[in-house]
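> I'd like to ask some things about the structure below.
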Amino acid sequence: MIQSSQEAISSIGRSETTAHIADETPESIETVGKVKDLEDSTDESDKTCDINTVLSQTANLASDEVGKLNIIDLSSLTTLDILEAETSKERLDVIIEATKTKAVQLSLYAKNLITELCETTWSVQALRKTLHQTVFHEDFDLIAHSDFGFIEVTTRYFLDIMSSPQNPFNNVMLERTAASYLIIYIVNQLFLSNNDVIELGWLEREFYLTDRTKFDGILFKVGNKTICPALVEFSGGINDHTSLHKNSNDIKKLYFNMAKIMTETKTESLFCIRFYGHTIFFEKLVKYEDNMYRVVDATIEVPNTPRKLVAFIKKIPLIVAWKQAVIDYVID
């Protein structure tokens, strides 16, 4: 009798186990999968709704030039506040991390030169002396030490400008003259070691995907003018009182055409350089999760004093990182 009871209990146990296994049939597993897919779909839908809410708000900001183009401006503090409020701090951090330009490893020569110059007294004579004492390297190579070469040449150039009888950066300078002294000179030096990859076109240049729009500068891939990694626009000169309205229109012009090029070429990013009101901007437009984001990688104030020159030198790692992203775009 006892044995019969144990057999009955064992039978019940086996029945429960069998029933549990039966619950995990292909049909039930498929149902769980559908529920997970629905949850993922809901998450994506929520993200889309959040971003649309952000765009509807930023498009009405007086300070936002790209919101009406369905571009989220990560250089705007107000936009960042709205993005965090409508999503979350964690979500904002993810977007910023995904859209930022990767830092690059500078050469040892470049690191040492930046350190020496930044620790020097803010005077033309002191900076020039440090430059002369630090720059000579018998094994200097333009390609391997391109970052070092860029620092050396641009630092000496701006020191010479400051030492000249009449510093042109302190006078009125119209748009194209200012461009020749600043953006054109700086960008020519920046890409000198990569002129087998990047071709620089200056003043009233056109690109086949931007209709009849002309730009102050366009960066092309050498040997293939259907590939354009960057556009350049000068919004006025130096001390010439160019209006905010022109600057705003030039930003819209750049980003409208950058978005158009990205859509037509199915690329995930595009770059630009701007100049307005004593400041040079190194920027990019990047696509992340089907949304467009404006990122300003570096802002450089015209180095017309030793203090501003040191500030420029400190930001050179950001400029070099921006440049490398442009090179990677063309090579990839």
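> For Tyr288, list long-range residues whose amide hydrogen, built 1.01 Å from N in the peptide plane, is under 5 Å from its own amide hydrogen.
Result for Tyr288 returns Tyr293.
> Based on the Cβ-Cβ distance from Ala98 to Glu301, what FRET efficiency comes out when R0 is 41 Å, to the nearest 0.05?
Plugging the Cβ-Cβ distance into 1/(1 + (r/R0)^6) gives 0.90.
> So what J values fall out for the range 250-265 if you push phi through Karplus, 6.51 cos²θ - 1.76 cosθ + 1.60 with θ = phi - 60°, rounded to Hz, Gly and Pro as x?
5, 5, 4, 4, 4, 6, 4, 6, 5, 4, 5, 4, 4, 5, 5, 9
> For Thr121 and Asp328, compute 0.36 nm times the residue count separating them, minus their Cα-Cα distance, and round to one decimal in nm.
70.8 nm
> Cα extents of the chain along the three principal axes, largest first, in whole Å?
Taking the Cα atoms of the chain, the three principal extents are 116, 48, 41 Å.
> Hey, another quick one. Tell me, what HN-Hα J-couplings in whole Hz come from the Karplus equation 6.51 cos²θ - 1.76 cosθ + 1.60 at θ = phi - 60° for each residue of the range 202-208, using x for Gly and Pro?
10, 6, 6, 9, 10, 10, 5
> Next up: If one takes the longest principal axis of the Cα atoms in the chain, at what angle in degrees, from 0 to 90 and to the nearest 10, does the Cα axis of helix 89-99 lie?
60
> Grab the other residues whose beta carbon is less than 11 angstrom from that of Ile184, score K and R as +1, D and E as -1, and report the net.
0
> Do the alpha carbons of any pairs in Lys68/Lys253; Lys100/Lys246; Lys260/Lys323 sit beyond 19 Å of each other, and which pairs?
Where the Cα-Cα span goes over 19 Å, the pairs concerned are Lys100/Lys246; Lys260/Lys323.
> Using a simple spin-label model with points 7 Å from Cα along the Cα→Cβ vector, what separation in nm is obtained for Val153 and Asp211?
It works out to 3.8 nm between the two label points.
We did not get these values from a lab; they are worked out from the coordinates using the rules stated. Because the structure is a prediction, the values reported are computed rather than measured. Note: ideal-geometry Cβ built from the backbone for every residue, glycine included; neighbour counts use all protein chains shown.
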